[in-house]
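The values are calculated or read from the model by the stated rules, or taken from the named source; none is laboratory data. This structure is a prediction, so every number in the text was calculated from the model and none was measured. All Cβ positions, even for glycine, are placed from backbone atoms using ideal geometry, and neighbour counts span all protein chains on display.
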Amino acid sequence: MAKRDIKFRQWSEKNKEYMTWEEMLNRRLWIDVLTYEGRVTEQYTNVDLKDGTEIYEGDILRLDFNMEKHGSDDSEIVRVLRSGSGFKFKTNGFEDLNDLDELINTDYDITVVGNIHTHPELVDM
């Protein structure tokens with residue numbers, strides 16, 4: 001079984017900004033910080049994009065389809081959610097949840113375009 005990185009980031013409703021895992025650890029209050037009122041804690045999915053960008057729950061991803069590969073040059077917006085002990089993605093307008101690992105192992109060009117706090121207009125879920 002592969003070792004899994006456990007880390008978080010936290011959205012401050014008051015300051016409208018994220019605190020990184022490193023900032024949380026540097027404050028040495030990370031256990032209290034995880035449940036601090038007025039903050040939303042989001043977990044790292046342990047999945048990185050090809051460019052090294054880490055994906056967290058609450059991220060909004062754009063999937064770009066390649067005409068040569070998929071017969072279409074459309075794109076789709078999906079939201080990353082925690083579901084049970086894993087992470088799923090949900091496509092705008094659909095109820096189904098799919099495993100995040102399945103998405104990452106496709107040949108779509110995937111970009112993190114925001115998150116549910118700074119870009120709520122991107123999701124209709």
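Would you mind stating whether GLU95 is over 14 Å from the mean Cα position of the chain (by Cα) and closer than 15 Å to LEU49 by Cα? Give the derivation first.
Numbers: over 14 Å from the mean Cα position of the chain (by Cα): yes; closer than 15 Å to LEU49 by Cα: no.
Taking the combined requirement at face value, the residue does not satisfy it.
Out of all the residues in region 62-74, is one or more aliphatic (A, V, I, L, M), surrounded by 15 or more Cβ atoms within 10 Å (Cβ to Cβ) and at pLDDT 85 or above? Can you show your working first?
Of region 62-74, the ones aliphatic (A, V, I, L, M) are 63, 67.
In the following step, the residues that additionally are surrounded by 15 or more Cβ atoms within 10 Å (Cβ to Cβ) were identified as 63.
Cutting the leftovers down to at pLDDT 85 or above gives us 63.
Within region 62-74, one or more residues are aliphatic (A, V, I, L, M), surrounded by 15 or more Cβ atoms within 10 Å (Cβ to Cβ) and at pLDDT 85 or above.
ASN15 - would you say it is at pLDDT 90 or above and either outside any helix (DSSP H, G or I) or closer than 27 Å to LEU97 by Cα (or both)?
No, not satisfied.
Return only the number of the condition from (1) β-branched (Val, Ile, Thr); (2) over 21 Å from GLU17 (Cα atoms); (3) out of contact with any Ser or Thr (no Cβ under 9 Å at 6 or more places or on another chain) that THR45 does not satisfy.
(2)
With the requirement that a residue be surrounded by 13 or more Cβ atoms within 10 Å (Cβ to Cβ) and among the charged types (D, E, K, R), what does region 77-109 give you? Reasoning before the result, please.
Step one: list which residues in region 77-109 are surrounded by 13 or more Cβ atoms within 10 Å (Cβ to Cβ), which gives 77-83, 86-92, 97-101, 103-104, 108-109.
ARG79, ARG82, LYS88, LYS90, ASP99, ASP101, ASP109, listed by residue number.
Inside region 32-48, can you point out the residues that are modelled with pLDDT under 85 and of a type outside the set (A, V, I, L, M, F, W, C)? Reasoning before the result, please.
As a first pass, look at region 32-48 and keep what is modelled with pLDDT under 85: 32-39.
Scanning region 32-48 gives ASP32, THR35, TYR36, GLU37, GLY38, ARG39.
In this structure, does ASP51 turn out to be surrounded by fewer than 13 Cβ atoms within 10 Å (Cβ to Cβ), farther than 18 Å from TYR18 by Cβ and at pLDDT 90 or above? Steps first, please.
Values: surrounded by fewer than 13 Cβ atoms within 10 Å (Cβ to Cβ): yes; farther than 18 Å from TYR18 by Cβ: yes; at pLDDT 90 or above: yes.
Here the answer is yes, as ASP51 does meet what is asked.
Please go through region 72-92 and give me each residue that is small (Gly, Ala, Ser) and either part of a strand (DSSP E or B) or in contact with a His (Cβ under 7 Å, 6 or more places away or on another chain) (or both), ordered by number. Please lay out each step first, then the result.
Start the filter on region 72-92 by keeping residues that are small (Gly, Ala, Ser), which leaves 72, 75, 83-86.
Scanning region 72-92 gives SER75, SER83, GLY86.
Which condition from (1) surrounded by 17 or more Cβ atoms within 10 Å (Cβ to Cβ); (2) modelled with pLDDT under 90 is the one that ARG9 breaks?
It is condition (2) that ARG9 fails.
Can you tell me which residues in region 18-31 are of a type outside the set (S, T, N, Q) and either modelled with pLDDT of 85 or more or surrounded by fewer than 10 Cβ atoms within 10 Å (Cβ to Cβ) (or both)?
TYR18, MET19, TRP21, GLU22, GLU23, ARG28, ILE31, listed by residue number.
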